[in-house]
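Submitted below is the structure of interest, expressed as C-alpha coordinates.
The values are calculated or read from the model by the stated rules, or taken from the named source; none is laboratory data. The structure presented is a predicted model; accordingly, all values stated were derived computationally and were not measured. Heads up, the Cβs are rebuilt from the backbone with ideal geometry, glycines too, and the neighbour counts pull from every protein chain shown. Accessible surface is based on the protein model in full, side chains and every heavy atom, while ligands, DNA and RNA are left aside. Shrake-Rupley method; radii C 1.70, N 1.55, O 1.52, S 1.80 Å.
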Amino acid sequence: MSQGKDPAEVYRALGVTPVITASGSTTVYGGSKLRPEVMEAMNQASGVMVELGDLNRAAGEIIARLTGAEAGLVSSGAAGGLVLQAAAVIAGADPIKMDQLPNTDGLKNEIIIQRSHRFPYDQCYRTGGAKLIDIGDGRRCAPWQLEAAFTEKTAAVAYLFSPFVSRRGLPFEQVCEIAHERDVPVIVDAASFVPPRANLKRFIAEGADMVIYSGGKGVRGPQGAGILCGRADLIEAAAANGAPYQFVGRGMKVAKEEIVGLVSALQIFVDEDEEAETKRYNEMCESVVDAFIEMPGLRVTVEHDPYDYLIPHAIMKFTDGWNGPSRDEIVQAMTKGDPPIFLHTLGKPDELGVDPFNLSEQELETVISRLREELLK
Ligand SMILES: *Cc1c(COP(=O)(O)O)cnc(C)c1O
(Lines give C-alpha, C1' and ligand atoms only; values in the text may rest on other atoms or scores of the structure.)
Protein backbone atom coordinates (compact mmCIF):
# COMPACT_ATOMS: atom_id res chain seq x y z
CA MET A 1 0.00 0.00 0.00
CA SER A 2 1.35 3.45 -0.85
CA GLN A 3 2.13 5.54 2.20
CA GLY A 4 -0.32 8.14 3.33
CA LYS A 5 -2.79 7.62 0.50
CA ASP A 6 -6.43 7.18 1.48
CA PRO A 7 -7.38 3.63 0.36
CA ALA A 8 -10.95 4.82 -0.23
CA GLU A 9 -9.56 6.85 -3.15
CA VAL A 10 -9.69 3.78 -5.39
CA TYR A 11 -13.50 3.84 -5.04
CA ARG A 12 -13.89 7.63 -5.02
CA ALA A 13 -12.01 7.79 -8.33
CA LEU A 14 -14.82 5.68 -9.77
CA GLY A 15 -17.45 7.97 -8.28
CA VAL A 16 -18.41 5.29 -5.74
CA THR A 17 -19.05 6.36 -2.13
CA PRO A 18 -17.39 4.23 0.56
CA VAL A 19 -19.82 3.00 3.26
CA ILE A 20 -19.57 1.67 6.80
CA THR A 21 -20.91 -1.85 7.24
CA ALA A 22 -22.14 -2.40 10.79
CA SER A 23 -24.45 -5.21 9.65
CA GLY A 24 -21.84 -7.97 9.71
CA SER A 25 -20.63 -9.71 6.60
CA THR A 26 -23.26 -8.64 4.07
CA THR A 27 -22.40 -9.27 0.43
CA VAL A 28 -24.27 -6.21 -0.89
CA TYR A 29 -22.39 -3.90 1.47
CA GLY A 30 -18.97 -5.24 0.56
CA GLY A 31 -18.87 -8.60 2.36
CA SER A 32 -15.84 -8.74 4.64
CA LYS A 33 -12.52 -6.97 4.85
CA LEU A 34 -9.96 -9.27 3.25
CA ARG A 35 -6.93 -10.19 5.35
CA PRO A 36 -3.81 -8.35 4.08
CA GLU A 37 -1.78 -11.60 4.32
CA VAL A 38 -4.31 -13.20 1.97
CA MET A 39 -3.93 -10.41 -0.56
CA GLU A 40 -0.17 -10.97 -0.39
CA ALA A 41 -0.56 -14.72 -1.06
CA MET A 42 -2.94 -14.01 -3.96
CA ASN A 43 -0.50 -11.51 -5.38
CA GLN A 44 2.27 -14.12 -5.42
CA ALA A 45 -0.04 -16.76 -6.91
CA SER A 46 -1.08 -14.47 -9.74
CA GLY A 47 2.28 -14.49 -11.52
CA VAL A 48 2.82 -18.26 -11.65
CA MET A 49 0.95 -20.86 -13.71
CA VAL A 50 -0.25 -24.19 -12.30
CA GLU A 51 -2.54 -27.03 -13.34
CA LEU A 52 -5.92 -26.39 -11.69
CA GLY A 53 -6.66 -30.04 -10.92
CA ASP A 54 -3.41 -30.21 -8.94
CA LEU A 55 -4.17 -27.01 -7.08
CA ASN A 56 -7.75 -28.08 -6.29
CA ARG A 57 -6.47 -31.37 -4.86
CA ALA A 58 -3.85 -29.70 -2.68
CA ALA A 59 -6.32 -27.09 -1.40
CA GLY A 60 -8.84 -29.85 -0.77
CA GLU A 61 -6.40 -31.68 1.48
CA ILE A 62 -5.94 -28.58 3.61
CA ILE A 63 -9.70 -28.03 3.84
CA ALA A 64 -10.14 -31.69 4.80
CA ARG A 65 -7.58 -31.37 7.58
CA LEU A 66 -9.09 -28.19 8.99
CA THR A 67 -12.70 -29.41 8.85
CA GLY A 68 -12.16 -33.02 9.85
CA ALA A 69 -13.81 -34.14 6.60
CA GLU A 70 -12.51 -36.79 4.20
CA ALA A 71 -12.09 -34.25 1.41
CA GLY A 72 -12.54 -30.60 0.45
CA LEU A 73 -12.89 -28.23 -2.48
CA VAL A 74 -12.74 -24.46 -2.95
CA SER A 75 -16.01 -23.37 -4.56
CA SER A 76 -17.22 -20.12 -6.02
CA GLY A 77 -18.69 -18.67 -2.84
CA ALA A 78 -20.94 -20.74 -0.63
CA ALA A 79 -23.65 -20.19 -3.25
CA GLY A 80 -21.55 -21.85 -5.97
CA GLY A 81 -20.90 -24.66 -3.50
CA LEU A 82 -24.64 -25.25 -3.15
CA VAL A 83 -24.90 -25.76 -6.92
CA LEU A 84 -22.06 -28.30 -6.74
CA GLN A 85 -23.68 -30.06 -3.75
CA ALA A 86 -26.83 -30.54 -5.84
CA ALA A 87 -24.89 -31.65 -8.92
CA ALA A 88 -22.85 -34.12 -6.86
CA VAL A 89 -25.87 -35.84 -5.28
CA ILE A 90 -27.85 -35.87 -8.53
CA ALA A 91 -25.25 -36.74 -11.18
CA GLY A 92 -22.32 -38.03 -9.11
CA ALA A 93 -19.17 -38.19 -11.22
CA ASP A 94 -20.91 -39.91 -14.13
CA PRO A 95 -20.13 -37.85 -17.27
CA ILE A 96 -23.35 -38.88 -19.01
CA LYS A 97 -25.46 -37.57 -16.13
CA MET A 98 -23.18 -34.56 -15.58
CA ASP A 99 -23.57 -33.58 -19.22
CA GLN A 100 -27.36 -33.77 -18.92
CA LEU A 101 -27.65 -31.24 -16.04
CA PRO A 102 -29.59 -29.11 -15.25
CA ASN A 103 -32.09 -31.38 -17.04
CA THR A 104 -32.75 -34.21 -14.59
CA ASP A 105 -35.15 -36.40 -16.60
CA GLY A 106 -34.66 -39.97 -15.42
CA LEU A 107 -32.23 -38.98 -12.63
CA LYS A 108 -32.67 -38.96 -8.86
CA ASN A 109 -33.28 -35.25 -8.40
CA GLU A 110 -35.32 -34.72 -5.23
CA ILE A 111 -33.77 -32.83 -2.33
CA ILE A 112 -35.90 -32.93 0.82
CA ILE A 113 -35.90 -29.76 2.91
CA GLN A 114 -37.89 -28.61 5.95
CA ARG A 115 -40.14 -25.64 5.06
CA SER A 116 -38.56 -23.67 7.89
CA HIS A 117 -35.19 -24.14 6.13
CA ARG A 118 -36.31 -22.76 2.75
CA PHE A 119 -34.12 -19.74 2.07
CA PRO A 120 -33.32 -17.36 -0.78
CA TYR A 121 -30.15 -19.28 -1.66
CA ASP A 122 -32.01 -22.55 -2.26
CA GLN A 123 -32.39 -21.50 -5.90
CA CYS A 124 -28.76 -22.65 -6.11
CA TYR A 125 -29.94 -26.22 -5.48
CA ARG A 126 -32.52 -25.79 -8.24
CA THR A 127 -29.78 -24.39 -10.51
CA GLY A 128 -28.01 -27.71 -10.09
CA GLY A 129 -31.16 -29.49 -11.27
CA ALA A 130 -32.79 -30.30 -7.92
CA LYS A 131 -36.48 -30.40 -7.24
CA LEU A 132 -37.04 -29.30 -3.64
CA ILE A 133 -39.46 -31.42 -1.62
CA ASP A 134 -40.80 -29.33 1.28
CA ILE A 135 -41.73 -31.01 4.53
CA GLY A 136 -43.22 -29.66 7.76
CA ASP A 137 -45.44 -26.63 8.18
CA GLY A 138 -42.89 -23.84 8.20
CA ARG A 139 -42.52 -23.77 11.97
CA ARG A 140 -42.02 -27.38 12.89
CA CYS A 141 -41.50 -30.76 11.36
CA ALA A 142 -42.11 -34.25 12.74
CA PRO A 143 -39.86 -37.27 12.09
CA TRP A 144 -42.69 -39.06 10.26
CA GLN A 145 -42.92 -36.17 7.80
CA LEU A 146 -39.29 -36.69 6.86
CA GLU A 147 -39.71 -40.48 6.76
CA ALA A 148 -42.70 -40.17 4.42
CA ALA A 149 -40.85 -37.90 1.98
CA PHE A 150 -38.28 -40.41 0.70
CA THR A 151 -38.91 -41.84 -2.77
CA GLU A 152 -36.78 -43.71 -5.29
CA LYS A 153 -35.90 -40.23 -6.66
CA THR A 154 -34.51 -38.83 -3.39
CA ALA A 155 -30.99 -37.50 -3.93
CA ALA A 156 -30.33 -35.84 -0.54
CA VAL A 157 -31.76 -34.11 2.51
CA ALA A 158 -30.71 -30.45 2.88
CA TYR A 159 -30.18 -28.78 6.25
CA LEU A 160 -29.65 -25.07 6.93
CA PHE A 161 -27.64 -23.61 9.79
CA SER A 162 -28.03 -19.85 9.79
CA PRO A 163 -28.86 -17.07 12.27
CA PHE A 164 -32.59 -16.43 12.79
CA VAL A 165 -33.67 -19.80 11.39
CA SER A 166 -36.42 -21.50 13.41
CA ARG A 167 -35.03 -23.91 15.98
CA ARG A 168 -38.23 -25.91 16.11
CA GLY A 169 -37.49 -28.07 13.09
CA LEU A 170 -36.01 -31.55 13.26
CA PRO A 171 -32.68 -31.68 15.10
CA PHE A 172 -29.70 -32.23 12.84
CA GLU A 173 -28.60 -35.54 14.32
CA GLN A 174 -32.07 -37.00 13.93
CA VAL A 175 -32.19 -35.94 10.28
CA CYS A 176 -28.81 -37.62 9.70
CA GLU A 177 -30.00 -40.78 11.41
CA ILE A 178 -33.21 -41.04 9.38
CA ALA A 179 -31.49 -40.20 6.07
CA HIS A 180 -28.54 -42.53 6.64
CA GLU A 181 -30.83 -45.47 7.43
CA ARG A 182 -31.92 -45.05 3.80
CA ASP A 183 -28.41 -44.41 2.43
CA VAL A 184 -29.34 -40.84 1.55
CA PRO A 185 -26.71 -38.11 2.06
CA VAL A 186 -27.34 -35.01 4.18
CA ILE A 187 -26.05 -31.76 2.67
CA VAL A 188 -25.56 -28.71 4.87
CA ASP A 189 -25.46 -24.97 4.24
CA ALA A 190 -23.57 -23.31 7.11
CA ALA A 191 -22.36 -20.38 4.98
CA SER A 192 -22.46 -17.75 7.69
CA PHE A 193 -22.11 -20.01 10.74
CA VAL A 194 -18.41 -19.34 11.46
CA PRO A 195 -17.01 -18.05 13.74
CA PRO A 196 -17.20 -19.86 16.13
CA ARG A 197 -14.31 -21.85 14.70
CA ALA A 198 -15.63 -25.03 16.31
CA ASN A 199 -18.44 -24.99 13.73
CA LEU A 200 -15.87 -25.79 11.01
CA LYS A 201 -15.72 -29.36 12.34
CA ARG A 202 -19.07 -29.65 14.08
CA PHE A 203 -21.45 -30.67 11.29
CA ILE A 204 -19.13 -33.25 9.73
CA ALA A 205 -18.61 -34.70 13.22
CA GLU A 206 -22.38 -34.82 13.73
CA GLY A 207 -22.96 -36.78 10.52
CA ALA A 208 -23.13 -34.35 7.57
CA ASP A 209 -22.09 -35.81 4.21
CA MET A 210 -21.24 -32.42 2.70
CA VAL A 211 -21.02 -28.95 4.26
CA ILE A 212 -20.55 -25.56 2.64
CA TYR A 213 -19.11 -22.46 4.35
CA SER A 214 -18.60 -19.06 2.85
CA GLY A 215 -14.91 -18.22 2.38
CA GLY A 216 -15.62 -14.52 2.18
CA LYS A 217 -17.70 -14.01 5.31
CA GLY A 218 -16.39 -14.89 8.79
CA VAL A 219 -13.17 -16.41 7.45
CA ARG A 220 -12.23 -13.14 5.68
CA GLY A 221 -10.89 -14.94 2.64
CA PRO A 222 -11.55 -13.92 -0.98
CA GLN A 223 -15.12 -12.63 -1.21
CA GLY A 224 -15.83 -14.94 -4.13
CA ALA A 225 -14.64 -18.17 -2.49
CA GLY A 226 -16.45 -20.96 -0.64
CA ILE A 227 -15.32 -23.95 1.43
CA LEU A 228 -16.92 -27.26 0.50
CA CYS A 229 -16.04 -30.32 2.56
CA GLY A 230 -17.38 -33.81 3.07
CA ARG A 231 -17.30 -37.44 1.99
CA ALA A 232 -14.53 -38.22 -0.51
CA ASP A 233 -16.83 -39.64 -3.21
CA LEU A 234 -19.20 -36.66 -3.02
CA ILE A 235 -16.40 -34.07 -3.08
CA GLU A 236 -14.86 -35.86 -6.06
CA ALA A 237 -18.25 -35.63 -7.78
CA ALA A 238 -18.61 -31.94 -6.85
CA ALA A 239 -15.16 -31.23 -8.29
CA ALA A 240 -15.96 -33.15 -11.47
CA ASN A 241 -19.11 -31.04 -12.02
CA GLY A 242 -17.25 -27.75 -11.47
CA ALA A 243 -14.66 -25.57 -13.17
CA PRO A 244 -12.18 -26.01 -14.81
CA TYR A 245 -14.27 -28.81 -16.39
CA GLN A 246 -17.14 -27.92 -18.75
CA PHE A 247 -20.15 -29.02 -16.76
CA VAL A 248 -22.91 -27.30 -14.77
CA GLY A 249 -20.44 -25.58 -12.41
CA ARG A 250 -18.28 -24.10 -15.16
CA GLY A 251 -19.97 -20.72 -14.88
CA MET A 252 -18.76 -20.51 -11.28
CA LYS A 253 -15.04 -20.59 -11.93
CA VAL A 254 -12.60 -20.12 -9.07
CA ALA A 255 -9.28 -18.53 -10.00
CA LYS A 256 -5.95 -19.95 -8.83
CA GLU A 257 -5.38 -16.75 -6.82
CA GLU A 258 -8.68 -17.24 -5.00
CA ILE A 259 -7.87 -20.88 -4.21
CA VAL A 260 -4.49 -19.88 -2.75
CA GLY A 261 -6.13 -16.96 -0.95
CA LEU A 262 -8.83 -19.15 0.53
CA VAL A 263 -6.48 -21.77 1.99
CA SER A 264 -4.27 -19.02 3.35
CA ALA A 265 -7.27 -17.28 4.97
CA LEU A 266 -8.65 -20.52 6.37
CA GLN A 267 -5.35 -21.47 7.99
CA ILE A 268 -4.96 -18.02 9.55
CA PHE A 269 -8.58 -18.07 10.72
CA VAL A 270 -8.17 -21.44 12.43
CA ASP A 271 -4.94 -20.35 14.13
CA GLU A 272 -6.43 -17.13 15.51
CA ASP A 273 -7.19 -16.66 19.20
CA GLU A 274 -10.98 -16.71 19.32
CA GLU A 275 -11.13 -15.69 22.95
CA ALA A 276 -9.10 -12.54 22.29
CA GLU A 277 -11.20 -11.79 19.21
CA THR A 278 -14.45 -12.19 21.17
CA LYS A 279 -13.10 -9.98 23.94
CA ARG A 280 -12.32 -7.26 21.41
CA TYR A 281 -15.82 -7.50 19.86
CA ASN A 282 -17.29 -7.39 23.37
CA GLU A 283 -15.39 -4.24 24.21
CA MET A 284 -16.53 -2.62 20.97
CA CYS A 285 -20.14 -3.51 21.80
CA GLU A 286 -19.74 -2.26 25.36
CA SER A 287 -18.72 1.15 24.02
CA VAL A 288 -22.06 1.28 22.14
CA VAL A 289 -23.87 0.33 25.35
CA ASP A 290 -21.97 3.00 27.30
CA ALA A 291 -22.84 5.64 24.69
CA PHE A 292 -26.60 5.05 24.83
CA ILE A 293 -27.33 3.45 28.20
CA GLU A 294 -28.79 6.66 29.61
CA MET A 295 -31.21 7.30 26.75
CA PRO A 296 -34.75 6.99 28.12
CA GLY A 297 -36.82 4.30 26.40
CA LEU A 298 -33.83 2.66 24.76
CA ARG A 299 -32.49 -0.61 26.13
CA VAL A 300 -28.98 -1.39 24.95
CA THR A 301 -27.39 -4.78 25.60
CA VAL A 302 -24.64 -7.00 24.28
CA GLU A 303 -26.04 -10.17 22.72
CA HIS A 304 -23.93 -13.27 22.05
CA ASP A 305 -25.37 -16.75 21.56
CA PRO A 306 -24.77 -19.87 19.44
CA TYR A 307 -27.78 -19.29 17.14
CA ASP A 308 -28.43 -15.70 16.10
CA TYR A 309 -25.49 -13.70 17.42
CA LEU A 310 -22.46 -15.88 16.78
CA ILE A 311 -20.16 -12.98 17.66
CA PRO A 312 -21.15 -10.25 20.15
CA HIS A 313 -23.54 -7.59 18.81
CA ALA A 314 -24.71 -4.39 20.48
CA ILE A 315 -28.52 -4.50 20.32
CA MET A 316 -30.68 -1.43 20.85
CA LYS A 317 -34.27 -2.14 21.76
CA PHE A 318 -36.84 0.63 21.25
CA THR A 319 -39.22 0.13 24.18
CA ASP A 320 -42.70 1.65 24.70
CA GLY A 321 -41.00 4.47 26.58
CA TRP A 322 -39.03 5.61 23.53
CA ASN A 323 -40.05 9.07 22.27
CA GLY A 324 -37.49 9.69 19.51
CA PRO A 325 -37.59 8.82 15.81
CA SER A 326 -38.79 5.31 14.95
CA ARG A 327 -36.37 2.49 14.45
CA ASP A 328 -37.10 2.46 10.70
CA GLU A 329 -36.55 6.22 10.43
CA ILE A 330 -33.18 5.78 12.09
CA VAL A 331 -32.21 2.95 9.75
CA GLN A 332 -33.18 5.13 6.78
CA ALA A 333 -31.33 8.20 8.05
CA MET A 334 -28.16 6.21 8.76
CA THR A 335 -28.27 4.64 5.29
CA LYS A 336 -28.74 8.02 3.61
CA GLY A 337 -26.21 9.86 5.78
CA ASP A 338 -22.60 10.76 5.16
CA PRO A 339 -21.00 8.28 5.30
CA PRO A 340 -23.80 5.79 4.60
CA ILE A 341 -23.96 3.34 7.52
CA PHE A 342 -25.66 -0.05 7.34
CA LEU A 343 -26.85 -1.44 10.67
CA HIS A 344 -27.86 -4.96 11.64
CA THR A 345 -31.64 -5.27 11.15
CA LEU A 346 -32.19 -9.03 11.12
CA GLY A 347 -33.45 -9.27 14.71
CA LYS A 348 -36.84 -8.32 16.13
CA PRO A 349 -38.72 -5.44 14.44
CA ASP A 350 -38.18 -3.14 17.44
CA GLU A 351 -34.46 -3.85 17.58
CA LEU A 352 -31.43 -2.47 15.81
CA GLY A 353 -27.93 -3.83 16.05
CA VAL A 354 -24.30 -2.89 15.62
CA ASP A 355 -22.20 -5.84 14.47
CA PRO A 356 -18.52 -5.01 15.11
CA PHE A 357 -17.20 -7.60 12.64
CA ASN A 358 -16.38 -5.20 9.79
CA LEU A 359 -15.64 -2.11 11.89
CA SER A 360 -12.32 -0.47 12.68
CA GLU A 361 -12.18 1.44 15.97
CA GLN A 362 -12.49 4.66 14.00
CA GLU A 363 -15.50 3.42 12.06
CA LEU A 364 -17.12 2.35 15.32
CA GLU A 365 -16.70 5.90 16.64
CA THR A 366 -18.34 7.25 13.50
CA VAL A 367 -21.23 4.78 13.91
CA ILE A 368 -21.73 5.88 17.53
CA SER A 369 -21.60 9.61 16.80
CA ARG A 370 -23.92 9.30 13.78
CA LEU A 371 -26.33 7.17 15.84
CA ARG A 372 -26.30 9.77 18.61
CA GLU A 373 -27.21 12.51 16.11
CA GLU A 374 -30.12 10.51 14.74
CA LEU A 375 -31.40 9.23 18.09
CA LEU A 376 -31.49 12.78 19.50
CA LYS A 377 -33.48 14.22 16.57
C1 LIG B 1 -24.22 -15.84 2.62
C2 LIG B 1 -24.93 -17.12 2.47
C3 LIG B 1 -24.78 -17.89 1.30
C4 LIG B 1 -23.92 -17.42 0.15
O5 LIG B 1 -22.57 -17.29 0.52
P6 LIG B 1 -21.52 -16.66 -0.52
O7 LIG B 1 -20.19 -17.10 -0.01
O8 LIG B 1 -21.72 -15.19 -0.46
O9 LIG B 1 -21.83 -17.22 -1.86
C10 LIG B 1 -25.44 -19.09 1.23
N11 LIG B 1 -26.22 -19.52 2.25
C12 LIG B 1 -26.39 -18.81 3.38
C13 LIG B 1 -27.26 -19.36 4.47
C14 LIG B 1 -25.75 -17.59 3.53
O15 LIG B 1 -25.91 -16.89 4.65
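Using only Cα atoms, find the angle between the long axis of helix 256-271 and the longest principal axis of the chain, and express it within 0 to 90 degrees, rounded to the nearest 10.
The answer is roughly 70 degrees.
At 1.4 Å probe size, with the rest of the protein present, what percent of the exposed accessible area of the chain is carbon and sulfur atoms?
52
So with the 1.4 Å probe, I'd like the accessible area per residue for the stretch 272-357, rounded to whole Å².
In whole numbers, the stretch 272-357 has 50 Å² accessible per residue.
Cα axis of helix 274-292 to longest principal axis of the chain: angle in degrees, 0 to 90, nearest 10?
For helix 274-292, the angle is close to 40 degrees.
Also, I was wondering about something else. To the nearest 0.05, what FRET efficiency results for LEU346 and ARG118 with a Förster distance of 22 Å applied to their C-beta separation?
It comes to 0.85.
Restricting to the chain, what percent of DSSP beta bridges are antiparallel, rounded to 5?
Roughly 55 percent of the beta bridges in the chain run antiparallel, per DSSP.
Then there is this: Give the residue from CYS141, ALA41, ILE227 lying farthest towards the positive end of the charge dipole for the chain; charges sit on Cβ (+1 for Lys and Arg, -1 for Asp and Glu) and the dipole is referred to the Cα centre.
The Cα lying farthest towards the positive end belongs to CYS141.
Per the Debye formula with a single identical scatterer at each Cα and no solvent contribution, what log10 I(q)/I(0) holds for the stretch 89-138 at q = 0.31 Å⁻¹?
Once normalised to I(0) and log-transformed, intensities are -1.15.
Can you tell me the Rg and Dmax of the stretch 158-240, counting just the alpha carbons, in angstroms?
13.0, 38
Assign one of three labels to the stretch 219-377, namely rounded, prolate or oblate, based on the Cα gyration tensor with a ≥ b ≥ c the square roots of its eigenvalues; rounded applies when a/c is under 1.5, prolate when it is not and a/b is larger than b/c, and oblate otherwise.
It is prolate, given that a/c is not under 1.5 and a/b is the larger ratio.
Where the centre of each part is set by its Cα atoms, how far does the stretch 25-46 sit from the stretch 265-290, in angstrom?
Distance between centres, Cα-based: 19 Å.
Another question, then. Write out the trypsin sites (Lys or Arg not before Pro) in the stretch 1-38 meeting two conditions: DSSP loop, and at most 11 other Cβ atoms within 10 Å of their Cβ.
LYS5
I need the chymotrypsin sites (Phe, Trp or Tyr not before Pro) found in the stretch 113-184, filtered to DSSP loop residues with at most 15 other beta carbons within 10 Å of theirs.
Passing sites in the stretch 113-184 are PHE164.
Right, another one. So for each of 358-366, 81-89 I average, over its residues, the number of other beta carbons within 10 Å; can you give me the resulting order with the highest mean first?
Highest mean packing first, the order is 81-89, 358-366.
Continuing with the same structure: Just report the Cα centroid separation between the stretch 106-122 and the stretch 322-377, whole Å.
The stretch 106-122 and the stretch 322-377 have Cα centres spaced 36 Å from each other.
In addition: Counting helices only, and only those DSSP H runs with n ≥ 4, report the 222 nm mean residue ellipticity of the chain as the sum of -39,500 (n - 2.57) divided by its residues, in deg cm²/dmol to the nearest 500.
One gets -12000 deg cm²/dmol as the mean residue ellipticity at 222 nm.
Highest mean first, what order results for 314-327, 48-61 on Cβ atoms within 10 Å?
314-327, 48-61
Treating only the Cβ atoms of Lys and Arg (+1) and Asp and Glu (-1) as charged, compute the dipole magnitude of the chain about its Cα centre; round to the nearest 20 debye.
It works out to roughly 760 debye.
For the chain, what does the convex hull of the Cα positions come to per residue, in cubic angstrom?
Value for the chain: 148 Å³ per residue.
Let me ask something else. Helix 172-181: angle to the longest alpha-carbon principal axis of the chain, degrees 0 to 90, nearest 10?
10
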